[in-house]
Amino acid sequence: MNADKPPAPAGEEGAGTAPAPKAHKSDKIGAVAVVGGGIAGTQAAIDLAESGFKVYLIERSPSLGGAMAQLDKTFPTNDCAMCILAPKLVEAGRHQNITLITNAEVAEVEGVPGAFWVTVKKRPRLVDESKCTGCGICTQRCPVEVPDEFNKGLKLRKAIYVKYPQAVPPTHIIDQEHCIGCGICQKQCEAGAINYAEKDTILDLEVGSIILAPGFQEFDPGPKKEYGYGVFPNVVTSLDLERMLVAVGPYGGMVLRPSDGKVPKKIAFIQCVGSRDRDINERYCSAVCCMFAVKEAIIAQEHMPGLKPYIFFMDLRAFGKEFDDYYIRAEEEHGIKFILWKVSNIEQVEPSKNLKIVYEDWEGNLKKEEFDMVVLSVGMRPPKDMEALAHRLKIDLNNYGFCKTPMFAPVETSRPGIYVCGAFVVPQDIPDSVAQASGAAARAASGISAARGKLVTVKSYPEEKEVADEEPRIGVFVCQCGINIGGVVDVPAVEAYAKTLPGVVHAEYNIYTCSFDTQSIIKERIREHRLNRVVVASCTPRTHGPLFMNTVREAGLNPYLFEMANIREHCSWVHSTVPAEATEKAKELVRMAAAKARLLRPLRPISIPIVKSGLVIGGGITGLNAALGLAEQGFDAYLVEKESELGGLTKRIYFDLSGEDVHGYMTGLIEKVRSHPRIKVFTGARLKSFSGYLGNFKTTVAHDGKEEELSHGVVIVATGGDPLKTEEYSYGKHPGIMTVLELEGKLARQEIDVSGRKTFVMIQCVGSREKGRTYCSRVCCTETIKNALRIKQLNPKAAIFILAKDMRTYGFREDWFRKARDEGIVFIRFDNASKPAVSVEGGQIAVTVKDRVVGKSLKIKPDYLALAVATVPPPDNLELAKLLKVPLSKDRFFLEAHMKLRPLDFASEGIFLAGLAHSPKFIEECVFQANGAVSRACTILSRDRFEGEGITSQVDEEKCTGCRTCEFVCPYGAVKVDPAKTKAVVAEVLCKGCGTCSAGCPKRAITMRQFTNEQILSQVDCLSGG
Amino acid sequence: MSDDVIDAETLDPDFKFEIAKQAGGENMKLCFQCGTCSGTCPVRAINDKYNPRRIIRMALLGMRKEVLCSDFIWLCSTCYACHERCPQNVRIPELMMAIRNIAIREGNIHPVYTSYVTTLDGHGRLLEVGEFENEKRIKLGLPGIKEEAARVRKLFDHTKIREKAAGKQADEKACKTEGS
């Protein structure tokens, strides 16, 4: 890891003189340093590693995972956070091109884009990373207990510990502050990994680009004495509650009152603690708290049936994709009470230690409620100590301490070559952080794309031995895993038993089968005993399956001649109280594995050439950025736009709150795209046909009366959105009634007379958040304020009323909401049950709306009425979805592979989406999604060939009748019936080996390799004594 | 028009700006109706006639007459609890002062305040100290208090407070608006 460092020029350490720049060997370095190992940093690292760059993933704490690792579930899918996060962490941990540098911080950065020196200070763990297997004996024996920070102090940990059970790396660490130096851990460690003498290490990394993804820290509500956090035991923060909800957390997944361990019946969530507040550092909105409070209320109720959650809020900001559906379900199906009220203080009731909250109901009556527990939904602050680092790195921060990014380049910092993503840019949720992380990866790669592939190692393996015709010679390796398995299962007995099984010619047990030196032993045994099948009885294949397959391959065997028996998660860990039975079960599992191993066949994954170009569908700001992004990374791009002009909806955006010139930017962008030699633009064009698969698509485009066939490797869908055409609120019945976009246009062209005492009414959520279209169109609250402020600028005396269901000015946009109020704009809240009534009487618009605080209706006669109509998916989406064979969501936007962690991918490989095609969003969000889709596409385009999986399905054409069941059930579009043959054909490169086709086929004509009927049944036979 | 509907033409859209220009009222427009003040206010807890959130809302909407002629703007005890907690720093006690000052200019004043002025004018202090009180003070070892109204009266002469307190400066606007 220590890169070669040229000798420091004389006088470099002296103060006062600027150090001479260090010399670099090449002018662009094909490596990237990613600072921060949370979900954003990990995503960026994986994208880059998959695109041919070397990545150094630097994490301050001992393991990857960040804040997401602390969550129980994620909204709005209620996925288990660890279940979806861990595979990404494991992938990053064992990726060939990623070097993890944990327990480390960046000290300095010098150099220029394309050639940086990053100095990293790595603090000592006192545990050798190359030796520690994470078995945990040391933790068990350590005598020191201290509060566990990961569990928010609700649980204890030892002085030697691993950050959390599923940590990557699972390497333990000694907390030097609390270690008493007893030496027990060193004595107990079977791997000899403890090293008390370890010191700080300084590493110098040579990289071409840097990505900052340092995340955030939780707002500490302690100083807000009115909430009693830290004094009243039953007042907790959202993160405290999250840890309680986790099954391996302090209370085993139960929600319990900290004061007496009793189960709470009524629990209150208080929103906006430390957000939208008057302290100059707390004025912004933390964007995610509304959603995570709803999530926690739902999950808490799931864990503790009968629990009654109340959520006290000011605006419920459920602005993301399908978030409003989640909110509606919470209220209607889960009975969670939502109370519009900011809780100002909490009183503790003695002796119960319950908490009393006073609020006003909808009618204005004062109510008192007593709760068993209160959860403070705290905001997100910039990460700890980031200000100092930003200063050293010369990165500009905004007034809240978050990273400043330009509107049209939302992943760039003020320092060229250093990019940024995730919560450090602005509080944002996981899907936005992940998409932005991919965006940062694309921009980081773009500048150094000439150096792609230079620093990555391509693994080479010995030639595979032909063993298919040999008698099976099975080697069984049984793992003790320290005491994890060995402490329950009689491992030597299992080893002895294995030797008796048919086909087994060698068996042994190891303390840690996964350790580095055991891999050498396995290879040696394969040679010694001419093994042609390997069985490892240890943990779940999820942890070390790929590792063992790699070892087997290194020994010259086909990696699919390998089988695992899980005698840890499926045995020792769940049967720890009955060791004798556990041992018998372990033997049975080994017998089953050996039986299958006898029937294993070598599998050779298919590899296909990749056409190094991309088709971008849609020529708005998203499509243009995507095409340019591909081109700048050295790939050809075809941009297809159905209108005769490029630009999409931006043609109707004349000014922005930031003061940026949208049309000026677009003109420049369009010019760049049209003049780029790698981009071919088709306007007035439509797709006529589409076929093929990952890396090899064929599309016919019709334009100018002719048709052209294009060959390309990937597709990016950026088809945008349209404003809803409405008839609601008397639209069309008066020239003064218009949409927000129409108003913007007229203001820009000075067609609105705002002089004198003009009155404007602006109604939000027209067509959004209704039955039939439940989603929020996300941008309208801000866009309406934009128009309103423009009017006030032209005439401060203009009277403006904004009628809204909630004001969803999230993140730093909250500042504009505040400005609007300060300018005297009046905001009136309504809901679906009390919508404003609009009529046109004698050429005059009349708007009647009830103001609930005053308890009376207001009848306003405005000169102008602006309607914030919904952003809807273009009707063409239906046709395009059919053509590309990709799904649409229930709201007819395109549906991604996974809402949280794969927002820009379709389940069908090689096709990506970005921008409004995904869901309504702002310009900066469109841009980073466009960048993100480019990065995802480059993980494919950067290869010459793409290797599929070995475990794929195969068709027995004799049995196949072409019924198309497999085609209908395949989630990846990997099997289709060839109409000419009336037989199913598998596109092996797309097949993920899920087995659904095999299960569905009525003729048993399609089977899964590695999981054939014969193989599975042989395992079943073992159970019945076979 | 029914009792429950306010015609916007009777509202004064400049009222909030007028308040903003008055010392203490600068931040009123920032109010986003969260309810913190009403939830904290000890006066509201016993008398829902005084509801700071509603008062601010009425002022923001422009219900000038209702606000200035009301007696509820005089009920704030200036305990400052809301001021401590308001998330937008509206500074409500000071806002109430600002509105009161505008009200007085229009000739509206709560009788209790008038009596404060009268008492101060007569005794130089809000609580009279007579023989009875002084006897008690001396018994407890405290010095007696001599009422001195001269200085206060000088201030009153200078600021014309007696006229304002009596409502004499008003020229019959504000409370007497057309229709309702």
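The values are calculated or read from the model by the stated rules, or taken from the named source; none is laboratory data. Since the structure is predicted, the reported quantities are computational estimates derived from the model, not experimental observations. Virtual Cβ from ideal backbone geometry, glycine too; neighbours counted across all protein chains shown. Remember, those area values only see protein heavy atoms, side chains included, never the ligands or the DNA or RNA. Shrake-Rupley method; radii C 1.70, N 1.55, O 1.52, S 1.80 Å.
The table that follows gives values for the structure above.
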read-out	value
For A:LYS367: the one exception among (1) in contact with a strand residue (DSSP E or B) (Cβ under 6 Å, 6 or more places away or on another chain); (2) touching a residue at least 12 places away in the same chain (Cβ under 8 Å); (3) within 14 Å of chain B (Cβ to nearest Cβ)	(2)
First in the range A:562-590 and without any contact (Cβ under 8 Å) to a residue 12 or more places away in the chain and on the phi > 0 side of the Ramachandran plot, second anywhere and in a helix (DSSP H, G or I) and open to solvent by less than 50 Å² (accessible area, probe 1.4 Å), Cβ under 9 Å, 6 or more apart	none
Residue check for A:SER259: surrounded by fewer than 24 Cβ atoms within 10 Å (Cβ to Cβ), hydroxyl-bearing (Ser, Thr, Tyr) and modelled with pLDDT of 95 or more	yes
Residue count for the range A:38-80, restricted to those that are of a type in the set (S, T, N, Q) and either closer than 14 Å to A:ILE211 by Cβ or within 12 Å of the chain's Cα centre (by Cα) (or both)	4
Every residue from the range A:772-791 that is open to solvent by 10 Å² or more (accessible area, probe 1.4 Å), in contact (Cβ under 8 Å) with a residue 24 or more places away in the chain and farther than 22 Å from A:GLU823 by Cβ	A:ARG773, A:THR774, A:TYR775, A:CYS776, A:ARG778
Single residue of the range A:796-814 satisfying the filter (away from chain B (no Cβ under 12 Å) and open to solvent by 20 Å² or more (accessible area, probe 1.4 Å)) that is nearest to A:ARG852 (Cα to Cα)	A:ARG813
Those residues of the range B:12-35 which are facing chain A (nearest Cβ under 9 Å) and not small (Gly, Ala, Ser), in sequence order	B:PRO13, B:ASP14, B:LYS16, B:PHE17, B:ASN27, B:LYS29, B:LEU30, B:CYS31, B:PHE32, B:GLN33, B:CYS34
Residue selected from the range A:907-952 under the condition more than 13 Å from A:GLY695 (Cα to Cα) and modelled with pLDDT under 95, by the criterion most open to solvent (accessible area, probe 1.4 Å)	A:GLU949
The range A:504-562, subset in contact with a strand residue (DSSP E or B) (Cβ under 6 Å, 6 or more places away or on another chain), part of a loop (DSSP other than H, G, I, E, B) and farther than 17 Å from A:PRO462 by Cα, residue modelled with the highest pLDDT	A:HIS529
Among residues of the range A:983-995, those that are surrounded by fewer than 19 Cβ atoms within 10 Å (Cβ to Cβ) and at negative phi, counted	4
Failed item in (1) assigned to a helix (DSSP H, G or I); (2) open to solvent by less than 40 Å² (accessible area, probe 1.4 Å); (3) at the interface with another protein chain (Cβ under 9 Å from one of its Cβ atoms); (4) not hydroxyl-bearing (Ser, Thr, Tyr), with B:GLU9 passing the rest	(2)
Count of residues meeting criterion [surrounded by fewer than 23 Cβ atoms within 10 Å (Cβ to Cβ) and either touching a Pro at 6+ places or on another chain (Cβ under 8 Å) or at negative phi (or both)] in the range A:753-767	6
Test for B:LEU120: is it of a type in the set (A, V, I, L, M) and facing chain A (nearest Cβ under 8 Å)	no
Residue check, A:PHE516 surrounded by fewer than 20 Cβ atoms within 10 Å (Cβ to Cβ), hydrophobic (A, V, I, L, M, F, W, C), touching a residue at least 40 places away in the same chain (Cβ under 8 Å) and more than 24 Å from A:VAL578 (Cβ to Cβ)	yes
Number of the condition not met by B:SER38 [criteria: (1) part of a helix (DSSP H, G or I); (2) more than 7 Å from chain A (Cβ to nearest Cβ)]	(2)
Test: residue in the range A:841-855 that is farther than 29 Å from A:ALA444 by Cα and away from chain B (no Cβ under 14 Å)	yes
Residues of the range A:818-837 satisfying the condition of being more than 8 Å from chain B (Cβ to nearest Cβ) and open to solvent by less than 30 Å² (accessible area, probe 1.4 Å)	A:ALA820, A:ILE825, A:ILE828, A:PHE830, A:PRO836
Residues of the range B:80-99 satisfying the condition of being open to solvent by 10 Å² or more (accessible area, probe 1.4 Å) and away from chain A (no Cβ under 12 Å)	B:TYR80, B:GLU94, B:MET97
Condition broken by A:ALA597, with the remaining ones in (1) assigned to a loop (DSSP other than H, G, I, E, B); (2) touching a strand residue (DSSP E or B) at 6+ places or on another chain (Cβ under 6 Å) satisfied	(1)
Qualifying positions in the range A:283-323 - part of a loop (DSSP other than H, G, I, E, B), closer than 21 Å to A:PHE219 by Cβ and free of Cβ contacts under 8 Å to residues at least 60 places away in the same chain	A:MET314
Residues located in the range A:926-940, provided they are under 18 Å from A:PRO431 (Cβ atoms) and not hydrophobic (A, V, I, L, M, F, W, C)	A:GLN929, A:ASN931, A:GLY932, A:SER935, A:ARG936
Residues satisfying the stated conditions in the range B:45-65, i.e. in a helix (DSSP H, G or I), at the interface with chain A (Cβ under 9 Å from one of its Cβ atoms) and within 18 Å of B:ILE99 (Cα to Cα)	B:ARG53, B:ARG54, B:ILE56, B:ARG57, B:MET58, B:LEU60, B:LEU61
One residue from A:PHE312, A:PHE323, A:PHE338 being under 30 Å from A:LYS900 (Cα atoms), in contact with a Pro (Cβ under 7 Å, 6 or more places away or on another chain) and either within 13 Å of chain B (Cβ to nearest Cβ) or not acidic (Asp, Glu) (or both)	A:PHE323
Residues (within 41 Å of the chain's Cα centre (by Cα), farther than 12 Å from A:THR784 by Cβ and among the charged types (D, E, K, R)) located in the range A:730-750	A:GLU742, A:LYS746
From the options A:ILE346, A:ILE298, residue that is open to solvent by less than 40 Å² (accessible area, probe 1.4 Å), β-branched (Val, Ile, Thr) and more than 14 Å from chain B (Cβ to nearest Cβ)	A:ILE298
Any hit, the range B:130-141, residues being within 14 Å of chain A (Cβ to nearest Cβ), open to solvent by 20 Å² or more (accessible area, probe 1.4 Å) and free of Cβ contacts under 8 Å to residues at least 24 places away in the same chain	no
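Okay, residues lined up against (1) open to solvent by less than 60 Å² (accessible area, probe 1.4 Å); (2) not charged (D, E, K, R):
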position: A:LYS976; (1), (2): no, no
position: A:LYS981; (1), (2): no, no
position: A:CYS997; (1), (2): yes, yes
position: A:ASN1013; (1), (2): no, yes
position: A:LEU1017; (1), (2): no, yes
position: A:VAL1020; (1), (2): no, yes
